[in-house]
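Below: one structure, written as structure tokens.
The values are calculated or read from the model by the stated rules, or taken from the named source; none is laboratory data. Since we're looking at a predicted model, the values are computed, not measured. In this analysis, Cβ positions are derived from the backbone assuming ideal geometry, glycine residues included, and neighbour counts consider all displayed protein chains.
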Amino acid sequence: MLVKIGIMTQLLVRSEGSGEGGRFPETDQPLPALIRIAGLGKRFSSRSGEIVTALSDVNLNIRDNEFISVVGPSGCGKTTLLRILAGLESASSGTVRCGGEIVTAPRPDAGVVFQQAVLLPWNTVLNNVMLPAQLKGDTSAATRARAERLLDFMGLKDFARKYPFELSGGMQQRVSICRALMRDPKVLLMDEPFGALDAMTRESMNMELMRVWSEERKTVIFITHSIPEAVLLGDRVVVMSPRPGRISEVVEIDIERPRSLKTMGMPRFGELCDRIRTIFGAEAPMVSSL
């Protein structure tokens, strides 16, 4: 827990196949490229001194306002990729550009939501949301008002003065999303944020996230082990290979928005899920079908 809090604080303090991307859900107009990943590779030394290649030659363009889902077998480098995109980890080769600038450190235009809600237990919900501003010495009325608006937006207005231990897992993740949105980032990076939640809460959070994305118009990179979740949420699904992680294929999700849980009963939805499972082949059992 303390290690994760340290990573989160570092991020907040230091922050100031197909690669052509998707289209606006409501129109057929191409989206401008926001993130360009070129020849990305990551190697590190194991405890035994062995050189491990986590990522190899990853290439992808992500359009502005696009929702990208990333799936792959365990250990294929999904989280490593997200950490490099967030500027929390450096690449061994290749580049990541966001808005034309090479990403080498945490950026103010990127918000991160981890698998577990990394909230400070001694802070209220409101102060947890305000943390990015507080770390810069900003406790102004305007900042407080924005935090309160975000909590209201996420249905947490009545819990502003509660503490994390008083909230359910789903509510804690809503607080994490509010905090990630506090600086109005262009990009929202999400590392299996709903993986630890029960099935009903997870479905609810999927609907909530689609609402946030629709209204806030962020670029979202969403890592998950669930193929149906990836298809339900994404404009495209990036399918990664086993280690060393490469992009096996990028699947366009040609299902109209807005989507709902009923979307999962559509024949096309099942076809897309089956296509992604086919890409995995022997690796399919390693990815959740829930």
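The numbered conditions (1) surrounded by fewer than 20 Cβ atoms within 10 Å (Cβ to Cβ); (2) over 30 Å from Ala142 (Cβ atoms) are all true for Gly245 except (1).
Count of region 250-275 residues, restricted to those that are touching a helix residue (DSSP H, G or I) at 6+ places or on another chain (Cβ under 8 Å), surrounded by 13 or more Cβ atoms within 10 Å (Cβ to Cβ) and not in a helix (DSSP H, G or I), is 5.
Give me the residue from region 185-207 that is out of contact with any strand residue (DSSP E or B) (no Cβ under 9 Å at 6 or more places or on another chain) and outside any helix (DSSP H, G or I) and, out of that set, surrounded by the fewest Cβ atoms within 10 Å (Cβ to Cβ). Across region 185-207, the extreme among qualifying residues is Asp198. Residue pairs whose Cβ atoms lie under 6 Å apart, separated by 6 or more positions or on different chains, with the first residue in region 26-52 and closer than 22 Å to Ile84 by Cβ and at pLDDT 80 or above and the second among the basic types (Lys, Arg) and surrounded by 14 or more Cβ atoms within 10 Å (Cβ to Cβ), are Ala33/Arg63; Arg36/Arg97; Ile51/Arg43. Residues that are part of a strand (DSSP E or B) and within 21 Å of Ser226 (Cα to Cα) within region 63-94 comprise Phe67, Ile68, Ser69, Val70, Val71, listed in sequence order. Taking every residue in region 218-229 that is closer than 13 Å to Lys78 by Cα and polar (S, T, N, Q) and pairing it with any residue that is part of a helix (DSSP H, G or I) and modelled with pLDDT of 95 or more, at least 6 positions away or on another chain, the pairs with Cβ-Cβ distances below 6 Å are Thr224/Ala230. Only residues that are surrounded by 13 or more Cβ atoms within 10 Å (Cβ to Cβ) and in a helix (DSSP H, G or I) were counted across region 158-182, and they come to 15.
Against the list (1) at pLDDT below 95; (2) under 15 Å from the mean Cα position of the chain (by Cα), the condition Thr224 fails is (1).
Consider region 225-249 and keep the residues that are of a type in the set (A, V, I, L, M) and assigned to a strand (DSSP E or B). The one that is nearest to Asn59 (Cα to Cα) is Ile247. Of all residues in region 207-215, none satisfies being more than 18 Å from the chain's Cα centre (by Cα) and over 23 Å from Leu81 (Cα atoms). Looking across region 261-278, the residues that are under 13 Å from Val237 (Cβ atoms) and among the basic types (Lys, Arg) come down to Arg275, Arg277.
Considering only residues that are in a strand (DSSP E or B) and of a type in the set (Gly, Ala, Ser), look in region 102-140 and name the one that is nearest to Gln173 (Cα to Cα). Among them, the one singled out is Gly111. Where the second residue is in a helix (DSSP H, G or I) and the first is under 10 Å from Ala54 (Cα atoms) and lies in region 72-85, which pairs have Cβ atoms under 8 Å and are six or more apart or on separate chains? Listed by first residue and then by second, the contacts come to nothing, as the list is empty. For region 31-62, filtered to residues that are in a strand (DSSP E or B) and among the basic types (Lys, Arg), the residue that is farthest from Ile221 (Cα to Cα) is Arg43.
Identify all residues within region 141-157 that are aliphatic (A, V, I, L, M), part of a helix (DSSP H, G or I) and crowded, with 17+ Cβ neighbours inside 10 Å; write none if there are none. The answer is Ala147, Leu150, Leu151. Does region 86-111 hold any residues that are small (Gly, Ala, Ser), over 26 Å from Thr53 (Cβ atoms) and surrounded by fewer than 16 Cβ atoms within 10 Å (Cβ to Cβ), and which are they? Listed by number, the residues that qualify are Gly99, Gly100.
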